[in-house]
């Protein structure tokens, strides 16, 4: 056991756990942030995706030791009131079915938009290829990302809102 | 009715607030449960020693079959599935022991210290071997019309062949999971990710030797199920309940992905044989099918699945003399189970192969042969099992889709493309779906509901269906709000709970909204009748000369109104406390059973289905013939859901079903080694579709203006039927392969069409071509 300090969704937490504990379990079990899900435990399915220093990362294979002192954002930290353009677009395009993979999809999409504000279909495919959805909501995921990208651009241009 | 509303949990899904079983907050008494399973496909368990495992610090319980207080069983229909193995194991993954400890690590450490001595027996691991040894799981069955053998003799042309269709892993993102919390006395509260809470409740009660009234099963939502949690969620729930009962502490089992894939059943693989007779025009005259499925080690739902395969072996086509025989075989693999389509895909793949082969034999476009053989509107409209097809939408859909997809132009473009490209070939196919809606075990077509109006005018709807992402609760919320004439935000759909609505059927067979929607409507009709009677009385108090009659009371715009005297109205919020003062009961149970269905399984005759859902898809693929890799260039779908309850949800189901079907048809291949170990037990070895695998151009539409008589708000089921639209992708790939040899030879083909299957097929075609060229050369000389 050892102590680690991480900043999650703007709040600093010090946790005392085994150094090799995956970040996913610290988020879910220690901090009670259950919006990030367990899927395969091997970084293949994407449902455990969070941002570590802004980068989309699989929390199930990321040890707490490796993120000591870092800034982490989970789905709960994307916005406090569903106001993030991706959350809005996701609801508008009626993306979620069972919903289980969706927090991971959104977190990956958020990191993509931060890097590429106007992604093409190919950019989306490349970024989200590792986030699987068994309900097959991909067509709407693509549409929602384009919608959010347009929304962000129009805000930046002082358009709508 | 308000139609285009998002999924009722959409906001919770995108904020991370949606609670799945694994997210339920439990106190610090929670123990982690673990199942220890067989490492042999077939063996005698000679001895075992749990003593060292029990000594591991933090371990609270290590259990074996001797510790089960009740009946050591978890078979859903046939009681042939032992909960914890006694002296024999029949597949790799069969549960033998259970461990509960404070941490996962302690469980794993304890498992390592369990000693088991096995004596291996011969294991049957392929369907071919099971057929050879005639290892039937039960008696074969046949559905038959006419004299097939003499019709085959008379037919101008005949073809025969066999088709292999593969297994499919459900790959619900939320693996099997259950949390049990002990109550007082013998009570146990079960939070299970199950499609069938009533069955989960029943099996736990029998296992623990207690009444069902001691067991409450609750399901808020599942993170995907697709049939994989219809019976096999029971297993994890039974194991968790045993550990909870034994430790008197909350216990949770959440299967690790690889364990889940290894120990749960899959879609049944089939080996089917066919013989077909047809005329010069490609009209089918007769067909003889033999369907063989791999049931795995136990019966589970295998016979119902085989039956549905046999009932869908005609798909959309009228075959005058037709016989289908079905046999389920036993192997030493996990018992195969329900998966979206439930045998329908396996049956349809055979007839679609037949149609495709007939077309290629006659050198005609398969689309032409398909439409020629569709069930007729007025004649040739009775299936091989005697059900008359009413409200046939096949021609309507075909005509609209052939036009909207520009099928004929694209057929020409595909031919042109193929003539001028050597290493890339394109393929195009249209395939129909006709899918029967109802459980074929007729008594299961029933549902219950409990609708509660609280004094503040808020409404809580309980029904027997479970939410697995299909949008059932959203549709139920819409139905309840529309029937009561209130706004949607007044209605909440409760988590499914066996103490609210008992004795339910599984949420399956695509019938969730059909059955539960009607049960909710029935409860609301009862409430409205009571309310109308009292409101008429209350309104009349002021108008003795011109009273309000109960029949003129209407419910709309969040108000209760006398339609004959619209000034006599009261808001719903005001009315409810008033009704409470008048001692009107404000909760009611509802019930529904599907009318006018009946089916004689023994004779293979009757009306198993309330109605049929129809759909069609056109898929175009681009195939790289050097790698076998395909891309779906474009897909056009036109699907019939009657009057849609929710277009957003229905189109999502259609698209998602198609994509899941594409997975089954193309990349999803399950392999076991020669010891019965699953080799494809992780996402790095088992490939389900991801975002780059979907059609580049994906056009999905719902058929308009086709209300379905005698269902909830004239809607139709969705869920399963669209999965089979993916056969158009599979046959488009075959079309592209066939183009390699300029459609001169019938390609070898099976399902899934993996890159390997595609490349081997191409290789064979090229060899055929070379042989013919050599032969031609020799003949010329």
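The values are calculated or read from the model by the stated rules, or taken from the named source; none is laboratory data. Given the structure is predicted, the values throughout are model-derived calculations rather than measurements. Cβ atoms come from the backbone with ideal geometry, glycine included; neighbour counts cover every protein chain shown.
Observations, loosely collected:
- Any chance residue B:650 is surrounded by 24 or more Cβ atoms within 10 Å (Cβ to Cβ), modelled with pLDDT of 95 or more, assigned to a helix (DSSP H, G or I) and touching a strand residue (DSSP E or B) at 6+ places or on another chain (Cβ under 9 Å): yes
- Among the residues of this structure, residue B:369 counts as one that is under 16 Å from residue B:286 (Cα atoms) and in contact with a helix residue (DSSP H, G or I) (Cβ under 6 Å, 6 or more places away or on another chain).
- Residues satisfying the stated conditions in region B:239-265, i.e. more than 14 Å from chain A (Cβ to nearest Cβ), surrounded by fewer than 24 Cβ atoms within 10 Å (Cβ to Cβ) and more than 21 Å from residue B:24 (Cα to Cα): B:246, B:263
- Conditions (1) crowded, with 19+ Cβ neighbours inside 10 Å; (2) part of a loop (DSSP other than H, G, I, E, B); (3) more than 14 Å from the chain's Cα centre (by Cα): number failed by residue A:42: (1)
- Selected residue [more than 20 Å from residue B:478 (Cβ to Cβ), touching a helix residue (DSSP H, G or I) at 6+ places or on another chain (Cβ under 8 Å) and surrounded by 24 or more Cβ atoms within 10 Å (Cβ to Cβ)] from B:640, B:636: B:636
- Within region A:8-22, not a single residue is more than 12 Å from the chain's Cα centre (by Cα), surrounded by 17 or more Cβ atoms within 10 Å (Cβ to Cβ), part of a loop (DSSP other than H, G, I, E, B) and free of Cβ contacts under 8 Å to residues at least 12 places away in the same chain.
- Any hit, region B:458-471, residues being outside the structural domain of residue B:642 (by TED's automatic domain parsing), surrounded by fewer than 24 Cβ atoms within 10 Å (Cβ to Cβ) and assigned to a loop (DSSP other than H, G, I, E, B): yes
- Test for residue B:297: is it in contact with a strand residue (DSSP E or B) (Cβ under 8 Å, 6 or more places away or on another chain), surrounded by 23 or more Cβ atoms within 10 Å (Cβ to Cβ), farther than 22 Å from residue B:725 by Cβ and touching a residue at least 12 places away in the same chain (Cβ under 8 Å): yes
- In region B:222-238, the residues that are farther than 16 Å from residue B:512 by Cβ and facing chain A (nearest Cβ under 8 Å) reach residues that are at pLDDT 95 or above and buried (at least 24 other Cβ atoms within 10 Å of the Cβ) with C-beta atoms within less than 6 angstrom, at least six apart or across chains, in these pairs: B:223/A:98; B:223/A:100; B:223/B:173; B:223/B:174.
- Residue among B:703, B:723 that is within 14 Å of chain A (Cβ to nearest Cβ) and surrounded by 17 or more Cβ atoms within 10 Å (Cβ to Cβ): B:723
- Members of region A:125-147 that are outside any loop (DSSP other than H, G, I, E, B) and buried (at least 24 other Cβ atoms within 10 Å of the Cβ): A:128, A:138, A:140, A:141, A:144, A:145
- Qualifying residue in region B:202-217 (condition: touching a residue at least 40 places away in the same chain (Cβ under 8 Å), buried (at least 20 other Cβ atoms within 10 Å of the Cβ), within 14 Å of another protein chain (Cβ to nearest Cβ) and within 18 Å of residue B:24 (Cα to Cα)): no
- Test: residue B:62 is in contact (Cβ under 8 Å) with a residue 60 or more places away in the chain and in the same structural domain as residue B:220 (by TED's automatic domain parsing): no
- A count restricted to region A:53-78 and to residues that are within 14 Å of chain B (Cβ to nearest Cβ) and either at positive phi or not in a helix (DSSP H, G or I) (or both) stands at 5.
- Residue-level analysis places residue B:646 among those that are in contact with a helix residue (DSSP H, G or I) (Cβ under 7 Å, 6 or more places away or on another chain), within 12 Å of chain A (Cβ to nearest Cβ), farther than 22 Å from residue B:429 by Cα and in contact (Cβ under 8 Å) with a residue 60 or more places away in the chain.
- Among the residues making up region B:682-698, those that are within 10 Å of another protein chain (Cβ to nearest Cβ) and in contact with a strand residue (DSSP E or B) (Cβ under 6 Å, 6 or more places away or on another chain) are B:695, B:696, B:698.
- Criterion applied to B:413, B:405 was being closer than 23 Å to residue B:730 by Cα, surrounded by 18 or more Cβ atoms within 10 Å (Cβ to Cβ), at pLDDT 95 or above and out of contact with any helix residue (DSSP H, G or I) (no Cβ under 9 Å at 6 or more places or on another chain), and the one residue passing it is B:405.
- Residue, surrounded by the fewest Cβ atoms within 10 Å (Cβ to Cβ), within region A:79-91, restricted to residues that are outside any loop (DSSP other than H, G, I, E, B) and more than 8 Å from chain B (Cβ to nearest Cβ): A:88
- Where strands (runs of 3 or more DSSP E) sit wholly within region B:507-615, those with at least 3 residues that are under 30 Å from residue B:194 (Cα atoms) occupy B:587-593, B:598-600.
- Check on residue B:289, at pLDDT 95 or above, touching a helix residue (DSSP H, G or I) at 6+ places or on another chain (Cβ under 7 Å) and either away from chain A (no Cβ under 14 Å) or not in a loop (DSSP other than H, G, I, E, B) (or both): yes
- Scanning region B:718-774 for residues that are outside any loop (DSSP other than H, G, I, E, B), touching a helix residue (DSSP H, G or I) at 6+ places or on another chain (Cβ under 6 Å) and over 16 Å from residue B:662 (Cβ atoms) yields a total of 6.
- Only one of the numbered conditions (1) within 14 Å of another protein chain (Cβ to nearest Cβ); (2) under 27 Å from residue B:218 (Cβ atoms); (3) modelled with pLDDT under 95 is violated by residue B:3, and that is (2).
- Hits in region A:26-52 (condition: farther than 21 Å from residue B:685 by Cα, within 10 Å of chain B (Cβ to nearest Cβ) and touching a strand residue (DSSP E or B) at 6+ places or on another chain (Cβ under 8 Å)): A:33, A:36
- Just one of the listed residues (B:46, B:79) is surrounded by fewer than 20 Cβ atoms within 10 Å (Cβ to Cβ) and part of a strand (DSSP E or B), namely B:46.
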